[in-house]
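Heads up, the thing below is written out as structure tokens.
The values are calculated or read from the model by the stated rules, or taken from the named source; none is laboratory data. All figures in this text were calculated on a predicted structure; none of them were measured in a lab. Here Cβ is always computed from backbone atoms with ideal geometry, including for glycine, and neighbour counts include all displayed protein chains.
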Amino acid sequence: MSTSLHRQVREASPETRHQIECLLRQDADDRAWADQLGPAYRQGDVARLLEKSRQAVSADRGLLRLEMRNGEIGYPLFQFDGRRQLPGIREVVRAFEPVVASSWTTASWLASPTPELDGRTPVAALREGDREAVIALAEQISAALSR
């Protein structure tokens, strides 16, 4: 930040300083999520990738979709393998959908190392062919959360 901008912030009203602090925290949160989850496709990108209509992509309950802060929908790139969805993602999304408050929870789980998968992320385990182990773990966690 420039010296002039620092001075303006210091001289701003408490309400304005609070708004600036909130925006900076949101930006830091957004960067942390982006670092963990990586890039995301937009709906049109996914439609072209999967050779489906935008409506079909929107209606597909097995795709992992994230509502961004700006209201747009993003589809994490990690869920795709070439021109198809990574096998196992659909089942994980469906297992967690009824028990998590947000699809961000599912995305975070998929991208976080877990001891049950020998320290690998579920996405890495899926890429290595451990589809059944990942799905079983997701269903186990989902059942525990639904109690």
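Quick notes on this structure:
- Residues of segment 116-134 that are within 20 Å of the chain's Cα centre (by Cα) and free of Cβ contacts under 8 Å to residues at least 12 places away in the same chain: G119, R120, T121, A124, A125.
- Condition met for V99 (under 27 Å from E72 (Cα atoms) and not in a loop (DSSP other than H, G, I, E, B)): no
- Flag for E91 being surrounded by fewer than 17 Cβ atoms within 10 Å (Cβ to Cβ) and either not small (G, A, S) or not assigned by TED's automatic domain parsing to the domain that holds M68 (or both): no
- Residue in segment 86-103 that is farther than 27 Å from R147 by Cβ and touching a helix residue (DSSP H, G or I) at 6+ places or on another chain (Cβ under 7 Å) present: yes
- Applying the set (1) under 22 Å from R127 (Cα atoms); (2) modelled with pLDDT of 95 or more; (3) part of a helix (DSSP H, G or I) to D35 leaves exactly one unmet item: (2).
- Test: A111 is assigned by TED's automatic domain parsing to the domain that holds D45, aliphatic (A, V, I, L, M) and touching a Pro at 6+ places or on another chain (Cβ under 6 Å): no
- Positions within segment 102-146 being of a type in the set (G, A, S) and assigned to a helix (DSSP H, G or I), in sequence order: S103, A107, S108, A124, A125, A133, A136, A138, S142, A143, A144, S146
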